[in-house]
1. Collect residues whose amide H, placed 1.01 Å from N in the peptide plane, falls under 5 Å from the amide H of B:Ser137; neighbours closer than 5 in sequence don't count.
2. Neighbour counts of other C-beta atoms within 10 Å: give me B:Tyr321, B:Tyr541 arranged from fewest to most.
3. Out of residues 5 or more away from B:Gly157 or on other chains, whose amide H comes under 5 Å of its own, with H placed 1.01 Å from N in the peptide plane?
4. Distance in nm between label sites at B:Trp380 and A:Leu83, each 7 Å beyond Cα in the beta-carbon direction?
5. When the Kirkwood radius is taken over all Cα pairs of region B:326-444, what Stokes-Einstein diffusion coefficient follows at 4 °C and 1.567 mPa s, in µm²/s?
6. Could you compute the FRET efficiency for B:Gln578 and B:Ser164, with r as their C-beta to C-beta distance and R0 at 25 Å, rounded to 0.05?
7. Determine ³J(HN,Hα), in whole Hz, for all residues of region B:283-293 in sequence, where each value follows from phi through the Karplus function 6.51 cos²θ - 1.76 cosθ + 1.60 and θ = phi - 60°; x replaces Gly and Pro.
8. Label point 7 Å out from B:Asn305 along Cα-to-Cβ: which residues of region B:349-364 have amide N under 19 Å?
Amino acid sequence: MVPLSHILLLSVILFTLGTAGFIIRRNVITVFMCIELMLNAVNLAFIAFARRLPNLDGQLFVFFVIVVAAAEAAVGLAIIVALYRNRNSLAIDDVDSMKL
Amino acid sequence: MELLLALMLLPPLAGAALNGIFGRRFSEGLVSAIGCGAAGLAAVFAVLVAVVSHLGPESPPFVHSYFTWIQAGSFRTDFALYYDRLTLIMTLVVTVVGFLIHLYSRGYMEHEGGYYRFFCYLNLFLFMMLVLVTAASYPVMFVGWEGVGLCSYLLVGFYFPKKSASDAGKKAFIVTRIGDAGFTVGVALLFWTFGSVNFPELFPKVAALGLGDQQRALTAACLLLFLGAVGKSAQLPLYVWLPDAMEGPTPVSALIHAATMVTAGVYMVARSNILFVHAPEALKTVSAVGCITAFFAATIALCQNDLKRMLAYSTISQLGYMFVGCGTAVFASGIFHLMTHACFKALLFLAAGSVMHAMSGELDMRVMGGLRHKLPVTFWTFLVATLAISGVPGFSGFFSKDGILAAAYNGPFGAPWLYWLLTLTAGLTAFYMFRALFMTFCGKSRVPHDLEHHVHESGSKMTVPLMILAVFSVVAGYVGIPRALGGSEAFDRFLEPVFGGSQSLLASSGVAAAHPAGDLALMAGSLTAAGLGILLAYWFYLKSPEIPEGIATAFSGAYRTLVNKYYVDEFYNWLVVQPLLTGSRKFLWQFVDAGVIDGAVNGSAEATGDVGRVLRRIQSGNIRSYAAWVLLGAVGWLGYLLLR
C-alpha cells in the first residue's frame, strides 16, 4: 500500500509543474495542456483521499472533473483553432488586446 | 359667547382658504365678494360679541379654551381666547377698519394681477390679527404675531417681480425678526420665573406681587417683550423696515402698516400692563424710546417728497406717541390714540392711494399740486384726516394726542422733557402734514401734461370707504373727551377693568402724578405748536414757495441729512449688512463651503481616482501575470491558514 503522503506529494509536484508551465509557457496549446495537468493533479489528490477515507465522494468528484475537462478540451481546442485562423499565431502574448 | 368669538375668527380664515385654493378659477367679482364678505362677517360678529359681552353683569375677562395646544412637562398652553374691554376695542378697530379697507381694495386692485392672491393674503392677515388680539397666552399671541408678520411680508412683496418690492418684503421680515427673538426670550423668561405664560394665570400672579418683588426678572422680561414691540411697531432702532414697506399696494399700507399690525406692539405692552408697572425702568425705556422715535421720525417726514413714505414716517412718529402713553403708565391714552390713529391714518393712506390711482402711480409730491378740483372727495377726506392728525380741536386726533401729552407731563412716569419734545413733534406733525396737503392738493398744478388729462376722481368703490373713515376720524375722538373740557373721560373709564389693577398698584405705592400741571395749560401748549406748524406750512408752501428752497440751500448740510433720513439705512448697511455679507462670502462661502465641504467631497473623489490610477496597472491584460497573482493569492491564503 502506497502511503497517502507519497501520492499527495506526486499530486503537488504535478500541480506545481502545471502552474509553472501555465505561467511561463507562451504557446497556447502548451498552456492548455498545463491546465489539464493541474486538473489531473487535483484528480489524483481526490482519488487518494477517497481511497484513504471510507468515502466515495472523491471518486464521484473526479468523474465530474473529467467530464468538465473533456468539455473544456472540446471548447478550448475549438477556440485555439479559431484563434489560429484569425491571428496566424499561437503565442499567448499576441492576444492581450485588453492590455493598456 | 365662545361660539361668537370663534365665528368672528373663522370667516377671514375660511375666506383666505377659499380664495387661496380656488381663487384662480373665480371671477374678480366672486373673489372680492368672498374677501369682503369674510371681513364683513368678522366685523358683524365683532360687534355682536361686544354687545353680548355687555349684556351680563360686570364680569372678569372672558376666557375660553378651545383645545390643548402644547403640553410638555409643567408647560401647558391651550388655544384659548381672552376677551375683555381692551380686546373689544382692538377687535372692533381691526375688523371695522379692515372691512372698509377690503371694500376699498375692491376698486383699487382692479385690473392688477393676482387679485385673488391679494384678497387671500388680506383675509389671512385679518385672521392672524384677530388671533393676536384675542389670544389668552403669549404663545398663542405669538402665532398671530408671526402670522401678521408673514402676511406683511407677502403683501409688501406683492409686486414681487419688482426687485425693490421683494427686497422690501424681506427687509420687513428680517428686521422684525430681531424684535421677535426678544419677544420669545422674554416669554421664556416669564415662564421660567412664574411657571406660566397664560394670561389668566400669569397676570394675577404678578398682580399679587408687591412693587419691587422679582424686579430684575420682570424688568428683563418687559424689556425683551418691548424689543418685540419695537420691531413690530417700527420704533428706534428697528423702524427702518416700515418706510420700505410702502412698496406694497396702498390698501396694505393702510391696513397693515398704519392701522393694525404696527400697533400690535402697543397692544402687547398695554396687555402686559401689569408686568410693566412692576418694572419702572422698562416703562421709562418705553416712553423714552417712543418719545425720541416720535421726534426723530417727524423730522425725517419734514423733507420727504414721496407721499406714502412721508406717511410712513408719520406713522412711526405717531406710534412713538402711543408708546409714550403706555410708557408713562397711562395705558388707556395709548390705546385711545391707537384707535383714533387707526381711523385717520388708514384714511390718509387710502386717500394717498386714491391720488396715486389718479396720477397713474406717481407719488412724488413735487409733480402734483392743484389736485383739489379734480379729486374733490379725496381732497376733503384727506383734509379731515390731516386736521385730525395735526390735533386740531374737534377732530379725533386732538383728544387722543392731548391725552398722551397730558400723560407725558403728569402721568405716573411722566417727565417734562417728554411733554416738551412731544409738543415740538406735534408742531412738526402739523407742519409736514399740511405741507403734504398743500403740495398735493393746493397751489398751481405741476402735473406733467401727458398725465394731466388722465387725472380723475376714483370710483365710488374707493370713495365711499374714504367718506366713512372720514366720519370716524372726526367722531372717534368724542368717546374720550378729557375732563378739562367738561367731558367724562368715558374711554378711560371704559378701560378701567383692564388697567385698574396696575393703576391702583401704582397709586397704593405712592407713584402718582409727579408733575401736576393744569390740563388746559398743557393743551394750550400743543395747540400753539400745531397752529404754528400749520401757519408755517401755509406760509412756506402756499404764500411764498421760494422760502423752503432758500432754507434748503442755506442749511444744505442739515437738509441733505434729513432727505437722506439721517443715513440710518446706510449706517445699518455698513454696520450689519455688509459685515454679514462679507463674512458669508469670504468665510462661510469661500472658506467653509468651497474649502471645507467641497474640499471633503472633491478630495474623496480625487483620492479614489488616484488609488484607481495606481491600481489599474495590475490589469495588464497579460493572462500569465493574472495567473501568477491568483497563485500568489492562493499561496498567501494557504500560508495564512496553515501558520495561523
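Just so it is clear, none of the values below were taken in a lab; they were calculated from the coordinates. Since we're looking at a predicted model, the values are computed, not measured. With ideal geometry, Cβ positions are generated from the backbone for all residues, glycine too; neighbour counts draw on all protein chains shown.
1. B:Phe199
2. Result, fewest neighbours first: B:Tyr541, B:Tyr321.
3. B:Gly169
4. Taking the simple label geometry, B:Trp380 and A:Leu83 are separated by 11.1 nm.
5. D, rounded to a whole number, is 85 µm²/s.
6. Plugging the Cβ-Cβ distance into 1/(1 + (r/R0)^6) gives 0.85.
7. 4, 5, 4, 4, 5, 5, 4, x, 5, 5, 4
8. B:356, B:359-364
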